[in-house]
Each structure stands twice: as structure tokens, then as C-alpha cells.
Amino acid sequence: MMLEKFIPSLHLHTIYDIEVDKLRDKGIKGIITNLDNTLVEQDSLNATDKLIAWLSNIREHGMKVVIVSNNKELRVASFARPLGIPFVYAARKPWGHPFERALKLLHTTSRDTVVIGDQLLTDIVGGNRFGFFTIWVDPISETEGWPTKVNRFFERKIYNYLKQKGYMPWDDHL
């Protein structure tokens, strides 16, 4: 089926619903995550205390994190550097090589790394194209730039079609 690249391995409401011990038990060593509306609200300048605790838990479980974002260098760097998280900016997900660059930063492979994001058309398609386990989370906020709003329009159409065909067995997302 042509649309299989749009189907995430798992859907959760937030990153905080991820069971970190289960990831570790599956042999996961690395996490590639989107930034805006996945970790924090779009253009939120700083990590929340809850996010800092989540990242600390990831590290305590022996896993590394890298942010892969389509946003500009200034946005991604000013958020990621204070947290000590490597990053890939202007990633052009789902195209190009941002996932390969992320794997080099993590020193992992697609088999022991997960991709987490809030968009089917960028994060999930990109992760699936390269054979990652993909986790689709609900966007944190409805505040988004116009390119994302366009993506969301098509995302809803694709999601509803796949849901109707039984490929998205979880509760309603969009």
C-alpha cells in the first residue's frame, strides 16, 4: 500500500506517555525528536521543568537524544544548546539526509533508534522511509506556521482515510 509510510508504529498523546523502560528493553539507544509542538509549544524559548525531567530520565536509562527540526538554526540552537542536546536544523523532513546526520550524532542505527514527532507528513513519513520505529504524538499547541497548517489539512485527509480502512487502530487523533 502506498500510504503505509504515513502509519506510525505507535500513537501516544504526549512524549510523557512514552514508557522509557520499554524502549530500553527493546534495545533502543537513541531518540530522534522533533522540537516544535512535540517537545514544547512552537517557538517556546525554554524547556519546561517537566521536559527537563523527561530528558534526564531518558539519559538515566542510557539513551541519547537528538533534535531534528525543519526550523532555522537560531531557533533550534538556542533551545537545544542549554540542554546539551545535539541537533539538526533546516532538516527538510521527510526528504534529504537529516535522519542519517542524526544517527551519526547519536552513534546508533535505525534499528536501535526511535523517531518522535507530531506530524505525519514530516516526522512519521521521514522516520518510516528510513526504517525507524516511529511514535506520533498530538501537537502540544494549535499555534503553527502556515506551512504546518497546510500539512495538517492533508494530514487530516490521510489520517481519516487510513482510520476508515482500519490502519490507525487507536482513538481519534485529529
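The values are calculated or read from the model by the stated rules, or taken from the named source; none is laboratory data. These figures come from a predicted structure and were not determined experimentally. Note: ideal-geometry Cβ built from the backbone for every residue, glycine included; neighbour counts use all protein chains shown. The protein model used for the area step is the full one, side chains on, heavy atoms only, and it has no ligands, DNA or RNA in it. Shrake-Rupley method; radii C 1.70, N 1.55, O 1.52, S 1.80 Å.
Residues of the stretch 1-11 that are outside any helix (DSSP H, G or I) and more than 17 Å from F132 (Cα to Cα): M1 alone. Total residues in the stretch 46-63 satisfying the condition of being part of a helix (DSSP H, G or I) and among the hydroxyl-bearing types (S, T, Y): the figure is 1. Close contacts from the stretch 78-93, counting a first residue that is part of a loop (DSSP other than H, G, I, E, B) and a second that is open to solvent by 40 Å² or more (accessible area, probe 1.4 Å) and aliphatic (A, V, I, L, M), with Cβ to Cβ under 8 Å and a gap of 6+ residues or different chains, come to P86/L105. Within the stretch 94-128, the set of residues being open to solvent by 30 Å² or more (accessible area, probe 1.4 Å), of a type outside the set (S, T, N, Q) and either in a loop (DSSP other than H, G, I, E, B) or in contact with a His (Cβ under 9 Å, 6 or more places away or on another chain) (or both) comprises W95, G96, H97, H107. If I filter the stretch 12-33 for residues that are touching a residue at least 40 places away in the same chain (Cβ under 8 Å), of a type in the set (A, V, I, L, M, F, W, C), open to solvent by less than 10 Å² (accessible area, probe 1.4 Å) and assigned to a loop (DSSP other than H, G, I, E, B), do I get at least one hit? For the stretch 12-33, residues touching a residue at least 40 places away in the same chain (Cβ under 8 Å), of a type in the set (A, V, I, L, M, F, W, C), open to solvent by less than 10 Å² (accessible area, probe 1.4 Å) and assigned to a loop (DSSP other than H, G, I, E, B): absent. Say whether the condition of being of a type outside the set (S, T, Y), closer than 17 Å to S44 by Cβ and without any contact (Cβ under 8 Å) to a residue 60 or more places away in the chain is met by at least one residue in the stretch 122-136. No; the residues of the stretch 122-136 include none that is of a type outside the set (S, T, Y), closer than 17 Å to S44 by Cβ and without any contact (Cβ under 8 Å) to a residue 60 or more places away in the chain.
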